[in-house]
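Take a look at the structure below.
Any read-out appearing in this document is the output of simple, stated calculations on the displayed coordinates, not a laboratory observation. As the structure is a computational prediction, the values presented were derived from the model and not from experiment. Counting neighbours? That spans all protein chains shown, and the Cβs are built from the backbone with ideal geometry, glycine included.
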Amino acid sequence: MLTRRTVVASGAAAIASLATRRAQAEAALSDLGAMAAKRGILFGTAVSTYQLRDTRFAPVLVSQARILVPEYEMKRALIEPQPGVYRFGTMDELEDFAHAHGIAFRGHPLVWHKRNPDWLDGALTASTRDSR
C-alpha cells in the first residue's frame with residue numbers, strides 16, 4: 001500500500017541518488033588536466049598575459065591546465081619590434097606564472113606569417129636582392 005511516508009522516502013532516496021551522481025560527474029569534470037593525464041594527454045592552453053590578471057580566468061587556468069603556451073608573447077613582432085631590440089618581458093611573465101603554479105611551459109613559433117615585425121619583410125627582401 002502506498003502511504004505518504006513511502007512516497008516521501010522513495011522521493012528522498014531518488015533525490016539523494018541523483019545528487020550523488022551529479023556530484024560524482026562534477027568531480028570527474030572538475031579537473032580536466034587530471035582527467036586528460038589518465039589517458040596520457042597533457043592538457044593545456046594558449047594564454048596571453050592579460051588573462052593572468054583576470055580574477056575569474058586565472059584560477060581556472062591554474063586548476064585545469066597542465067601546460068601553457070604563449071598565444072602571442074613569443075611572436076617575433078613582440079620579441080623584436082625593431083632590428084636588434086629585444087623584449088622578453090611578457091614572455092617571461094607567462095613563464096614565471098606557469099612555473100609558480102607548477103604548470104609546464106612550451107615555446108611557440110618565433111616566426112609566423114601573421115605576427116612578424118613590420119621591418120622584417122623589408123629586411124628579407126633586401127637580403128634576397130643582395131644574395132643575387
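For A123 and T3, the difference between the fully extended length at 0.36 nm per residue and the C-alpha to C-alpha distance is 34.5 nm. Remark: spin-label model distance D31-E93 equals 3.0 nm, labels positioned 7 Å along the Cα→Cβ axis. Sorting 54-60, 111-117 by average packing, meaning the other beta carbons within 10 Å per residue, from highest down gives 111-117, 54-60. Relative contact order for region 32-132: 27 percent, from Cα pairs under 8 Å spaced at least 6 residues apart, divided by residue count. Between T55 and A13, the modelled label-to-label distance comes to 4.7 nm, taking each label 7 Å out from Cα in the direction of the beta carbon.
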